[in-house]
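Notes follow the structure.
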């Protein structure tokens, strides 16, 4: 299961039923769980923590030091959950003193050439397209779909259950359940097909749609739109998520 052409530091901890291909480098202070497949030419560097059942394709680099000039060699980690697929040349840097760790959740597909920078937090059940680049301390909520070659400014947050068009670049937060596209990026409606596929009822989808009509199409400022949502639209966890997401946004939302 482990190629004799791989290098594994004696201090690394490797779980059961792990395949490690030729020319892999597994550093010290690395923990790898059970049932992982690590293909040829993968580098898993100091501070990496990998869960169970992941597939890591050739050329991936996990746990490299941050590309942040403020980094001073502090003890930080890059943490990956379970059942992820990391395609060729994915890079996931470890954290800095800001948050101490970079996190990728479980059941994600990160396609070829995706970069996850220091202190980022990627949720679970996300699909991230080829060549997408995430800057430091970004947050992607669960069940997000991000197309190819998307550029994310540092500190931005992407809400769950939405979709971002390929080639998009943005420096503000993208609320949940919507489609974000065009140049410059803007709200392009709710992610109707995605919500139906996830089992959202027609009534709930209509409530979400009505909330965003108030935010984007009513002519009101955001604060007034949120106040009207609270009084006019039946509250549910999904509507509360929209409201709390926007109220807590430090960068502001896309318009």
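When the range 204-235 is examined, which residues are found to be part of a loop (DSSP other than H, G, I, E, B) and exposed (fewer than 13 other Cβ atoms within 10 Å of the Cβ)?
Listed by number, the residues that qualify are 218, 219, 221, 234, 235.
Does the range 36-51 include one or more residues that are under 19 Å from the mean Cα position of the chain (by Cα), at pLDDT 95 or above and not in a strand (DSSP E or B)?
yes
Is it the case that some residue within the range 76-94 is in a strand (DSSP E or B), within 26 Å of residue 185 (Cα to Cα), at pLDDT 95 or above and under 12 Å from the mean Cα position of the chain (by Cα)?
yes
Conditions tested, residue by residue: (1) at positive phi; (2) touching a helix residue (DSSP H, G or I) at 6+ places or on another chain (Cβ under 7 Å).
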| residue | (1), (2) |
| --- | --- |
| 165 | no, no |
| 171 | no, no |
| 189 | yes, no |
| 194 | no, no |
| 210 | no, no |
| 225 | no, yes |
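Condition first: more than 11 Å from residue 165 (Cα to Cα) and either part of a strand (DSSP E or B) or within 11 Å of the chain's Cα centre (by Cα) (or both). Now tell me which residues in the range 136-150 satisfy that.
137, 138, 139, 140, 141, 142, 143, 144
Results for (1) within 20 Å of residue 139 (Cβ to Cβ); (2) free of Cβ contacts under 8 Å to residues at least 40 places away in the same chain, shown as yes or no for each residue.
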residue	(1), (2)
157	yes, no
160	yes, no
179	yes, yes
182	no, yes
203	no, yes
209	no, yes
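Given the residues 59, 73, which is the only one that is in contact (Cβ under 8 Å) with a residue 24 or more places away in the chain and either under 22 Å from residue 9 (Cα atoms) or not in a loop (DSSP other than H, G, I, E, B) (or both)?
59
The values are calculated or read from the model by the stated rules, or taken from the named source; none is laboratory data. Bear in mind that the values here come from a model prediction, so they are computed numbers and not experimental data. Neighbour counts are summed over all protein chains in view; Cβ atoms, including those assigned to glycine, are modelled from backbone coordinates with ideal geometry.
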